[in-house]
Amino acid sequence: MIRDSEIISIYQVDAFTDVPFKGNPAAICLITKDYPDEILQKIAAEMNLSETAFIYIPYIDRIKETNTFRLRWFTPKVEVNLCGHATLASASVLFFEVGINSDIVNFDTLSGRLSAKRIEKSIGLNFPLNNPEEITAPEALIKAMKIKNCLATSYASGVTDILLEVKNEDEVRNVNPDFGELLNLKLDLEIRGVIVTSKGSGDVDFVSRFFAPWVGINEDPVTGSAHTILTPYWSKKLGKSEMKAEQLSERSGKLNVRLLKDDRVEIIGKTTLVFKGELII
């Protein structure tokens, strides 16, 4: 044991999948004190995953009787104000590993209060809706994304993401951005990430990929927060309030989404625990 060290319980969970090494991995840390942001950022950099989530546990001896926690998310580079897959993974740790006594858990976050509910072996996230507004496609962005035929462009100011619709799944799969060029763009809009999407096939209503080099993630495997934009976008186009979605990254992931009242969206997915242990700082 290292002298004067502190121990943090840590889990790695693959979100939006029911098999290991698919979906989107997130590190989940249970912390019992308010560490400086610099320490949290260093932990996220050490984990080197798209997101590391920190669940604040005020009373470790009463954790099973608690159903409301403070939650923060960090990429290897910055703190972000909304992350779906790491919230799903956080709820999974509390429901299935810690074993809290509630089927609903609330998280106080930079995006307000979010909730997650246990649905048998799945988890449903209740997130704020982010309605995208149609904009003129920035030519420099389209060029850097190497997209030849962009059908429509929208912007969601709540999470600062741009949505680009293309013709079909093949075009989504074949997107190969120039990340260096993206990082050097001078645009009027603040951008966290770019969503490339199209109508799906078979029983999948729509597909997407998500790119966010500005926050240290060239491509995110499965992005829950992007579906707070994709859900209202495709609901309007397809005339559906419940849809099946797939993110076509190399790891891939599947989600069920549903429009709720009061500008909310439910995002449903499964998780798989990959490892758990102790982080020494």
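Quick note: the coordinates plus some simple rules give every number you see, no bench work behind them. Bear in mind the structure is a predicted one, so any value in this text is a computation, not a measurement. Methodologically, a virtual Cβ is constructed for each residue, glycine included, from the backbone with ideal geometry; neighbour enumeration extends over all protein chains shown.
When the helices of the chain are scored as -39500 (n - 2.57) per DSSP H run of n ≥ 4 and the total is divided over every residue, the value at 222 nm lands at -4500 deg cm²/dmol.
Segment LEU151..ARG258, full-extension length gain: 36.1 nm, with 0.36 nm per residue of separation and the alpha-carbon distance subtracted. In region 133-262, the DSSP beta bridges split such that about 70 percent are antiparallel, to the nearest 5.
Between ILE104 and GLU139, with labels modelled 7 Å along Cα→Cβ, what's the label distance in nm to one decimal, could you check? It is 5.2 nm.
Placing unit charges on the Cβ atoms of the charged side chains and taking the dipole of region 133-262 about its Cα centre, the candidate lying farthest along the positive direction among THR153, LEU238, ASN218 is LEU238.
Sites listed here are GluC sites (Glu not before Pro) in region 173-237 whose DSSP assignment is loop and whose Cβ has at most 14 other Cβ atoms within 10 Å: GLU190. Note on the chain: GNM, Cα springs under 10 Å; of LEU187, LEU230, LEU88, the largest mean-square fluctuation is that of LEU187.
Both numbers refer to the Cα atoms of region 219-265; Rg and Dmax are 10.9, 35 Å. Can you tell me the 0 to 90 degree angle between the C-alpha axis of helix 37-47 and the longest principal axis of the chain, rounded to 10? In the chain, helix 37-47 runs at an angle near 70 degrees to the longest axis.
A simple rule links phi to the HN-Hα coupling: the Karplus curve 6.51 cos²θ - 1.76 cosθ + 1.60 with θ = phi - 60°, which for region 214-231 gives 5, 10, x, 10, 4, 9, 8, x, 8, 10, x, 5, 5, 7, 6, 9, 4, 4 Hz, with x for Gly and Pro.
Counting Lys and Arg as +1 and Asp and Glu as -1, each charge on the Cβ, what is the dipole of the chain about the Cα centre in debye, to the nearest 20? Could the numbers behind the result be given before it?
Details: 33 positive and 39 negative charges, 100 e Å.
It works out to roughly 480 debye.
In region 102-145, what GluC sites (Glu not before Pro) fall in a loop by DSSP, with at most 13 other Cβ atoms inside 10 Å? Passing both the DSSP loop test and the Cβ count: GLU120.
Volume per residue, Å³, of the convex hull around the alpha-carbon atoms of region 133-262?
Values: hull volume 13.5 nm³, N = 130.
Convex hull volume per residue, Cα atoms: 104 Å³.
Here's the list of lysines a cross-link from LYS261 could span, going by alpha-carbon distance under 18 Å and ignoring same-chain residues fewer than 8 apart: LYS117, LYS236, LYS240. Gap in Å between the Cα centre of region 96-155 and the Cα centre of region 243-262? Rounded to whole Å, the Cα centres lie 9 Å apart. Between the beta carbons of ASP188 and GLU65, assuming R0 = 35 Å, the FRET efficiency works out to 0.10 to the nearest 0.05. Each of ASN184, VAL204, SER249 was scored by the projection of its Cα onto the charge dipole of the chain, and the greatest displacement toward the positive side belongs to VAL204; charges sit on the C-beta of Lys, Arg, Asp and Glu. Remark: for residue pairs LYS186/LYS244; LYS199/LYS254; LYS33/LYS270, the C-alpha separation exceeds 26 Å in LYS186/LYS244; LYS33/LYS270.
How would you classify region 20-77 from its alpha-carbon gyration tensor, with a ≥ b ≥ c the square roots of the eigenvalues: rounded for a/c under 1.5, else prolate if a/b is greater than b/c, otherwise oblate? Mind dumping the intermediate values first?
Numbers: a/c = 2.81, a/b = 1.40, b/c = 2.01.
Note, shape of region 20-77 comes out oblate.
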